[in-house]
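Everything below concerns the one structure shown next.
The values are calculated or read from the model by the stated rules, or taken from the named source; none is laboratory data. As the structure is a computational prediction, the values presented were derived from the model and not from experiment. Every residue, glycine among them, receives a Cβ derived from its backbone with ideal geometry; neighbour counts consider all protein chains shown. Side chains are part of the model used for accessible areas, which takes the heavy atoms of the whole protein and leaves out ligands, DNA and RNA. Shrake-Rupley method; radii C 1.70, N 1.55, O 1.52, S 1.80 Å.
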Amino acid sequence: LGETVLVTGASGGVGLSAIQIGREAGAQVIAVTRSDAKADALRQAGAGDVVIAGEGADFSKDVQAITDQVGADVVVDTVGSRVFIPAFKSLAITGRYLVIGQLFREKISINPAHILFKAATIHGVINARRDQLADTVALVAAGRIRPRVAATFPLAEAAKAHEIVESGAVTGRVVLVP
């Protein structure tokens, strides 16, 4: 496609899938993560560039530099409010911003003129259509997308699994099994 896709929360299960789907679509993928230790896994998943951004960091200057000041055509935001402002600042003119996650309770404030002047669209994404799900299953079956399971826990240890996910220590999914 020749587009640039920015993925926030890139080391999570949804983020890793977004990287791989972007790569399969022919996009230049930029992954944003808080941990340098996760950079290799993100590159292996298909990110051409990885931006390490600490808590509350404005990573938009890094994204602008990577894209020669154009910005990302698509932002896949799996984090929400804590990264919204720098992610939106990273968006190109006529870019599409996909809100896939909202991990925290904070609210954001944005001047509608910022949306207007970028001619941006913001989409809330809550699920996939049946044909999209079928396409994804076919990509997984063909080995072109590989879900990454970071850890598996018995259902009785759900609290421990949540602690690990919330700590940000994992790359990929944490799965609970009965």
### Query
Straight-line reach from LYS89: which lysines have Cα under 16 Å away, leaving out those fewer than 8 places along the same chain?
LYS61, LYS118
### Query
If one takes the longest principal axis of the Cα atoms in the chain, at what angle in degrees, from 0 to 90 and to the nearest 10, does the Cα axis of helix 13-24 lie?
60 degrees
### Task
Provide the per-residue ³J(HN,Hα) series for the range 102-108, in order, calculated from phi with Karplus coefficients 6.51, -1.76, 1.60 and θ = phi - 60°, each as a whole number of Hz, with x at glycine and proline positions.
9, 7, 10, 8, 4, 9, 10
### Task
Could I have the simple spin-label model distance between ASP135 and ALA65, label points 7 Å from Cα toward Cβ, reported in nm to one decimal?
3.4 nm
### Summary
Computed for the chain: size of charge dipole around the Cα centre, +1 on C-beta of each Lys and Arg, -1 on C-beta of each Asp and Glu, debye to nearest 20, value 280 debye
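Tally up the carbon and sulfur contribution to the accessible surface of the chain as a whole percent, 1.4 Å probe, everything protein left in place. Don't skip to the end; give the middle numbers.
Working: 5740 of 10140 Å².
After summing per-atom areas, the C and S share lands at 57 percent.
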#### Entry: Other-chain or far-sequence residues with amide H under 5 Å of ALA10's (modelled H)
VAL32
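Could you report the range 55-178's accessible area per residue, 1.4 Å probe, as an integer in Å²?
On the way: 8100 Å² over 124 residues.
Per residue, the range 55-178 has an accessible area of 65 Å².
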### Task
Hey, can you grab everything whose amide H is under 5 Å from the amide H of ILE122? Only 5+ residues off in sequence or another chain; H modelled, so Pro and N-termini drop out.
TYR97
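To the nearest 0.05, how large is the calculated FRET efficiency for LYS89 and ALA156 if R₀ is 30 Å and r is the Cβ-Cβ distance? Present the calculation step by step, with values, prior to reporting the outcome.
On the way: r = 44 Å, r/R0 = 1.46.
Using R0 = 30 Å, I get an efficiency of 0.10.
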### From phi via Karplus (6.51, -1.76, 1.60), per-residue ³J(HN,Hα) for the range 142-159 in Hz, x at Gly/Pro
7, x, 7, 10, 10, x, 10, 9, 7, 7, 10, 10, x, 3, 5, 9, 4, 4
### Message
Taking amide H atoms as placed 1.01 Å from N in the peptide plane, list the residues 5 or more away in sequence, or in a different chain, whose amide H sits under 5 Å from that of THR4.
### Response
GLN28, ASP73, VAL74
### Message
So if I take the centroid of the Cα atoms in the range 61-78 and the same for the range 155-178, what is the distance between those two points in Å?
### Response
31 Å
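If packing is taken as the mean number of other Cβ atoms within 10 Å per residue, what is the order of 108-118, 91-101, highest first?
On the way: 108-118: 10.5, 91-101: 18.6.
Going by the mean number of other Cβ atoms within 10 Å, highest first, we get 91-101, 108-118.
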### Query
What ranking, highest mean first, results for peptides 49-56, 154-161 when packing means the other Cβ atoms within 10 Å averaged over each residue?
49-56, 154-161
#### Entry: Per-selection metrics, the chain (Cα): Rg and Dmax in Å
16.2, 51
### Summary
For the range 130-136, in residue order, the Karplus 3J(HN,Hα) values (coefficients 6.51, -1.76, 1.60; θ = phi - 60°; whole Hz; Gly and Pro = x) are 4, 5, 5, 5, 4, 4, 5
